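Below: one structure, written as structure tokens.
The values are calculated or read from the model by the stated rules, or taken from the named source; none is laboratory data. These numbers were taken from a predicted model, which means no experiment stands behind them. Here the Cβ positions follow ideal geometry from the backbone for every residue, glycine too, while neighbour counts run over all protein chains shown. The protein model used for the area step is the full one, side chains on, heavy atoms only, and it has no ligands, DNA or RNA in it. Shrake-Rupley method; radii C 1.70, N 1.55, O 1.52, S 1.80 Å.
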Amino acid sequence: MKQNLDIKVKHLTRVEGHGNIVVNMNSGKLEKAQLEIVEAPRYFEAMLKGRSFHEAAIITSRICGICSLGHQITSLKATENALGLEVSNQTILLRKLLIHGALIQSNILHAYFLAAPDFLNAGSVFPLINTHPDVVVRALRMKRLANDIGDIISGRAVHPITPVPGGFTKIPSEADLIEIKRRLIEEALPDVNATVETMQALAGAIPNFTRETEYISLKNDNDYAMYDGKISSTDTGLYPDSEYLKITNEFIVPHSSSKHAKNNRSSYMVGALARFNNNHDKLLPEAALAAAALGLVAPNYNPYMNTIAQVVEVAHAVYDSINIIDTLLNDGLKNEKPNQSPTKYGTGISVTEVPRGILFHEYSYDRQGRITAANCIIPTGQNLANIDDDMKKLVPEIIDEATEEIIHKLEMLVRAYDPCISCSVHIVDVEFVE
Amino acid sequence: MNGYYLSQENVKDFISHLMKKKTVYAPHAKADHSFVFEEVVDADNVILDYVRTLNSIKKYFMPSREVMLRYNLDDNSYSIEDVEPVKGIFLGVHSYDMQAVLRLDHSFSHGNPEKNYLTRRLDNIFIGTSFTPDNFHFSSSVNIQPHKTEGFDLFMHKTDRGYVLEEVTKTGSDLMKGFDQLTKFHGEYPNSEHFKSHLYAPQEKLSKVFEESYDNPVWHEIAQKCVGCGTCNLACPTCYCFDVEDHVDLSLQSGSRERRLDSCMLRGFTEVAGGEVFRDRLADRIRHRVYRKFKYISDSAGEPWCVGCGRCTIYCTAGISIVDIVNRLVSDYDKKQIVQDSDMIAAWD
Amino acid sequence: MIKTVNIKPENFKELYFPTLAEITEVQQFTEKEKWYKLSLLDGSNLGHYPGQFVEVSIFGAGEAPISITSAPNSYGSFELCIREVGMFTEMIHKMKAGDKLGIRGPFGQGFDVNELYGKDILIIGGGIGIVPLRSLINYILDHRQDYGRLIITYGARNSKDLLFPEELELWQSNPDVEFHQTVDYGDESWKGNVGVITTLIPPLDLDLKNTIACITGPPIMYKFVLLTLQSKGLQDDNIYMSLERRMKCGVGKCGHCQINHSYVCQDGPVYHYPDLKLIREAI
Amino acid sequence: MKSKPRVAVFDFTGCEGCELNKLNFENHLLDILDHIDIVEWREAMDDQVAEYDIAFVEGSISTPDCVERIFDIRNRTKVLIALGACAVNGGMNAMKNKQSLDTVREIVYGEDKDLFPTLPALPLSSYVTVDYEVHGCPMTQKEFLQLLTSILAGKKPVKPDYAVCVECKLDENECVYGKGMICMGPITRAGCDALCPSFGQYCIGCRGLVPHPNKEAMINILIENGLSIDDAEKRMDLYNSNEKDVVLI
């Protein structure tokens, strides 16, 4: 058995943001196996403090270009809770549709462009354009449709425009929704099936590794919870959103400019696999079939399967988007103005599932509607301790493989979490209290 | 020429009648509280009782963006874009916007008659509607009453219960054929409305006022407030300055030359290669704009090139009013005249 | 009531359609200035007057106004001299013989050669201002008997910036031309005058009644040249000058070159000075 | 056929939204790849190379490590293009420049603040020569493609030097001031086709200021429309903390 190992992967590629993988084994003792976060901080404290409630979501959307819609919706909900702004059912449905669009976009980007090259031993998606042109074109088509949902409903998929506190600045037309629905049915449904087939073919490359951990996500009685619900832990049960700090218990570690989190164990996992483990019974039937076809059975303890859970969620999101559009069209679109008349000024908390997992925003406002305190806890930060724990279990299991293969499996592991380091670091400095 | 009563209930049928003849363009609601001219698809959506549209009907004859040329970079071949004639019926046009079109006609037919504008401009039918002036209209000060029929083929004078429809040209009369839900009108057509905003000098005097106003401090004062955004020009129905830009397509083989409305309020408007800007001071640009409305073209064409629609003022985020500027110039001019007169009297004494 | 002309479709002009021209010769004068000889591909003659300009077109990049430097004598071809001042001219500078450009024009009012008939002509060219003046100079040389004295004053920043070096020598040696040149900054290789262009004017012995000054140069030059000519006693009536502005469409529509009521692309670029005095922003 | 230019993509302090926008060129990505070779792009691929023809750089410079890297990139590339507000003028990051950097770091990292050195958030052009800029937060695909096609075709890229108001008027948008919104359009550089006002939202000024802006007049407009002086300056600073150019009145 190998006694010494020294790995340092600087600026891990195909993830959002800057991180290093560092593994150090000395005389058979694993001294280090961790993901170092070296992203440059941006000091959002300076940006948010004293800003009006109109601006909170505009600014927090800029925490991360990849997760901008998720931050924006979560921020809006927190502001609405703090100011007592009621939103209409139409607003909620449109937001849910946007969340689906963002999830499809993000999960497809990850599965096809960032993770799939690993399964095919390619360094990026670009060589696949020649070797697998139909797959690449399909991935682009799915991403385009998902982004178009964002562009049409929110003005822009990255840093959306129309969602504001209390509603939307512009309501899409019925014709827009009918066209999206047509494309979902004609393009996305066949593409989802094809995606499942492609992933079936690639699944053999997924390492056989398991480590049971605590899985945390939203949960509610009505649907595969994304927009709202209670915080659910596989270890400790359900919590109202007001108790999110009891779950996250953030702590600082020396090797990361992003804080870590833990609840019942030394770490927990959030994201697609956590959602699947918690809410698999709420998947639409078509998505449940996809899960079965991909061999994803709850509970699943293999973190590499997170990518597969993402694909299952894409199927769910596509079918559910069609349902949402049907409901909107049946109810008839109303040209509602956003409700921006606060009924109180205080603290508001919101919890939303975004592609990478559960996201918390909390704001306090003064009587002028200005931010006095804010806190955001994002999925990747919550996953970091779990990634380190996975690495500590994985390295001894594969220690006798070639170093390149070890590096490859470690990189794949980190990528499987689809980490968004941009978020994790930029968010750390949002927390401030007056 | 005949006149008819057109009751409010019959307006929709009248529009439908027009739609059978040609494409009809008329005011529609846009966003929260604005109006725009659009092609009529459903007569129900036409709003004839409106304050003013965001842009004037200029946009149909001189689109805000227009491809002039397409080219192939590989072989340097190129072709001119065919200009499609509009040939429509413009319904519900206010007199000041009609007058603006007549001014543009002058600008595009004098010197070098421009094919692009004139091709679109020919063979259209104009149906006017009177309007109730708001705080920003001042067209009566530039000889454009809300009932001025010049340029129109038909004119709809608003009354309590609908409209009095006046036939202005033979084209207008012909357009009425086949529409019989009308009773003859024999009275006098209404001809004036009450305006709240006025220029206190006719063009003949303004021409003199502007001769004396080049160094008036008002230009510098307004420049303190102005952000130079160009809105006043771009909203103006008689402004037609443009810029031209080339674009290359993603193929890298083809591209297009596009013209776009421009504004003399923008700093880059006079910039030449090498960086020199000939009206670098905001005050100079403001002066140039206002002189273009009341002096430079007007001296030769005989009419102010401002039609009193109020757009430049109502859409100015800095709250700058062309009426206030002109009246200030007039009042400064009058004061100067009094001083000169009294100096002369003093000299005689 | 607004006066409109009677407009008929057959009178409509296609104003923005360029004609293709081929570069037949290129010569580099200085680091920044190149001379080009072009022919219109349709074989037609440009048909210009001295002082006029064309709109040069590169597809994908746009158009720019460029003075014509050749005299209207070379049938089938014309010449431009182009200074590199930005991306557009940089692209032209990369072109070589055989490359093609779009041409619209000629546009504007040049020097009125009929007005100048029989007069002594005083050419005052500063820097690149010599480019359009060269067209006039060569026109006069082509019709030498129709004009009186031809006095050329030409100034450049330094000896390396002097344009048309071969022609300068020809003018210098031509007994029919009174040629004076100067540079702002001298160096070892330069044996001639040093000083700004206005220093060339006072020593000139002029028949003030019969001399017409034709001036082209950078905007800053005009004020000083005019003062010098006035102190010399030359009447405003005897002065013509060419202005630089942003002539974009060339046909009096787009508005970019407008100075007060005047469209430089139509009424200029060459103006009679008494007219120019009425245009406040001009100088 | 000419060899394709070698293109690299880098990111500094920012949200990576502009990079993501490039991955969002679904309809054009394959066309683009006909004309260029992407040789290095950490967010999308493993490869790293020594030299490139064109480097696209996102994000602002805010740590000593950033400074070192941007000089290195400049040395390796022929053409350097700043992508998005952060790279062009510092973007939102620059708001921290208004506070003491020590205070900012202490708020965030407490005792450990010295572990995370920070500099004022500055545009790339504060350190190296930038050949072209694509404005916006995020940059728009249209402008990026126009710039890229212009460069590839050897033509001059067009960059608007006028305000967003121009595009609103050309598109015949209703002015959002009329709805009680407070918009930065009058002084913000155009090029986005007035996207936000077209969707009923006010312009937040993400594209930086027009050249030679009349800032004083703009602050007056903000105040006239109901902001306090403090809020007006905050609104100006959202994207423009580093903008200093002034107007000739």
* **Calculated diffusion of chain D, Stokes-Einstein form, Kirkwood radius summed over Cα pairs, 10 °C and 1.306 mPa s, µm²/s** => 82 µm²/s
* Where does the Debye-calculated log10 I(q)/I(0) of region A:1-160 sit at q = 0.20 Å⁻¹, using only Cα point scatterers of equal weight, no solvent? -> -1.24
* Structure fact -> Heavy-atom accessible area of A:HIS132, protein chains in place, probe 1.4 angstrom, given in Å² to nearest 10, is 70 Å²
* To do: Please work out the Cα convex hull volume for region D:31-103 and give it in Å³ per residue.
  => 118 Å³
* Provide the solvent-accessible area of A:ASP331, counting protein heavy atoms only and rolling a 1.4 Å probe, rounded to the nearest 10 Å². => 90 Å²
* Structure fact -> In whole Hz, the Karplus estimates of ³J(HN,Hα) for region B:248-258 (6.51, -1.76, 1.60; θ = phi - 60°; x where Gly or Pro) are 10, 6, 5, 5, 6, 9, 10, x, 9, 10, 10
* How far is it, in nm, from the label point at C:VAL85 to the one at A:ILE92 when both lie 7 Å from their Cα along the line to the Cβ? -> 6.5 nm
* Structure fact -> Given all pairs of distinct Cα atoms, region A:44-386 yields a Kirkwood Rh in Å of 20.5 Å
* Average partner coverage of D:137-145, which counts Cβ from other chains inside 10 Å -> 2
* Report the percentage of all Cα-Cα pairs in chain C whose separation exceeds 35 Å, rounded to a whole percent. => 17 percent
* Asked: Taking the highest mean first, how do the peptides C:30-38, A:154-162, D:27-35, A:99-107 order by number of other beta carbon atoms within 10 angstrom per residue?
  -> A:99-107, A:154-162, C:30-38, D:27-35
* Counting DSSP beta bridges with both ends in the protein assembly as shown, the antiparallel % (nearest 5) -> 65 percent
* Once D and B are treated as a pair rather than alone, how much accessible area drops out, both sides summed, in Å² to 100, probe 1.4 Å? -> 3400 Å²
* **Exposure ranking of C:LYS94, B:LYS295 by accessible area [1.4 Å probe, largest first]** => C:LYS94, B:LYS295
* Asked: Which percentage, to the nearest 5, of the DSSP beta bridges contained in chain D is antiparallel?
  -> 20 percent
* Just checking chain B: which Cys have no other cysteine's beta-carbon under 4.7 Å? -> B:CYS226, B:CYS241, B:CYS264, B:CYS306, B:CYS309, B:CYS316
* Asked: Once the convex hull of the C-alpha atoms of region C:9-107 is built, how many Å³ does it hold per residue, rounded to a whole number?
  -> 106 Å³
* Structure fact -> Among trypsin sites (Lys or Arg not before Pro) in region B:87-171, those in a DSSP loop whose Cβ has at most 16 other Cβ atoms within 10 Å are B:LYS87, B:ARG161
* How crowded by other chains is D:36-45, given as the mean number of beta carbons from other chains within 10 Å of each beta carbon? -> 5
* Other protein chain Cβ atoms within 10 Å, averaged over every residue that makes up D:210-217 -> 6
* Asked: Taking only DSSP H segments of four or more residues, each worth -39500 (n - 2.57), what value at 222 nm results for the protein assembly as shown once the sum is divided by all its residues, to the nearest 500 deg cm²/dmol?
  -> -10000 deg cm²/dmol
* Amide H neighbours of A:ALA225 under 5 Å, counting only residues 5+ apart in sequence or on other chains, H built in-plane at 1.01 Å? -> A:ASN220
* Asked: Taking both sides together, what accessible area is buried at the A/D interface, probe 1.4 Å, expressed in Å² and rounded to the nearest 100?
  -> 5200 Å²
* Using just the C-alpha positions of chain B as equal point scatterers, what log10 of I(q)/I(0) does the Debye formula give at each q in 0.09, 0.15 1/Å? -> -0.58, -1.32
* Asked: Per q in 0.16, 0.17 1/Å, what log10 I(q)/I(0) does a Debye calculation on the alpha-carbon atoms of region B:203-339 return?
  -> -0.87, -0.97
* **Calculated P(r) of region C:128-283 - Cα pairs past 25 Å, %** => 34 percent
* Report ³J(HN,Hα) in whole Hz for each residue of region D:186-203, in order, from the Karplus equation J = 6.51 cos²θ - 1.76 cosθ + 1.60 where θ = phi - 60°; Gly and Pro get x. => x, 10, 9, 4, 6, x, 9, 6, 6, 4, 5, x, 5, 9, x, 10, 7, 6
* To do: Could you tell me which helices of chain A pass both thresholds, a Cα extent of 30 Å or more along their own axis and a mean Kyte-Doolittle hydropathy of at least -0.5, with helices taken as whole DSSP H runs?
  => A:133-154, A:306-331
* Out of region D:184-249, which GluC sites (Glu not before Pro) are coil in DSSP terms and have no more than 16 other C-beta atoms within 10 Å? -> none
* Mean shadow area of the protein assembly as shown, taken as a quarter of the surface of its Cα convex hull (nm²) -> 59.3 nm²
* Using the Kirkwood radius over Cα pairs, work out the Stokes-Einstein diffusion coefficient for region D:164-237 at 4 °C and 1.567 mPa s, in µm²/s as a whole number. => 106 µm²/s
* Asked: Rounded to the nearest 0.05, what FRET efficiency is calculated for A:ARG367 and D:THR103 with R0 set to 35 Å and r the Cβ-Cβ distance?
  -> 0.85
* What GluC sites (Glu not before Pro) does region C:169-238 have in DSSP loop regions with at most 11 other beta carbons within 10 Å? -> C:GLU188
* Structure fact -> Interchain or sequence-distant (5+) residues whose placed amide H lies within less than 5 Å of the amide H of C:ILE152 are C:ILE123, C:GLU178, C:PHE179, C:HIS180
* Asked: Relative contact order of chain A: what whole-number percent is it, with Cα pairs under 8 angstrom and at least 6 residues apart?
  -> 26 percent
* What percent of all Cα-Cα pairs in region B:115-181 falls in each 10 Å bin, counting up from 0? -> 18, 39, 32, 11, 0
* Asked: Taking 0.36 nm per residue of separation and subtracting the Cα-Cα distance, what length does fully extending A:ARG265 through A:LYS392 add?
  -> 44.2 nm
* Structure fact -> Residue-ordered couplings for region B:185-202, obtained by feeding phi - 60° into the Karplus form 6.51 cos²θ - 1.76 cosθ + 1.60 and rounding to whole Hz (Gly and Pro as x), are 10, 10, x, 8, 6, x, 9, 8, 9, 8, 9, 9, 10, 9, 8, 9, 6, x
* Asked: Considering only DSSP beta bridges whose two residues both sit in chain C, what percent are antiparallel, to the nearest 5?
  -> 55 percent
* How large, in percent, is the carbon and sulfur part of the accessible surface of the protein assembly as shown at a probe radius of 1.4 Å? -> 49 percent
* Probe 1.4 Å, protein heavy atoms only - accessible area per residue of the protein assembly as shown in square angstrom -> 37 Å²
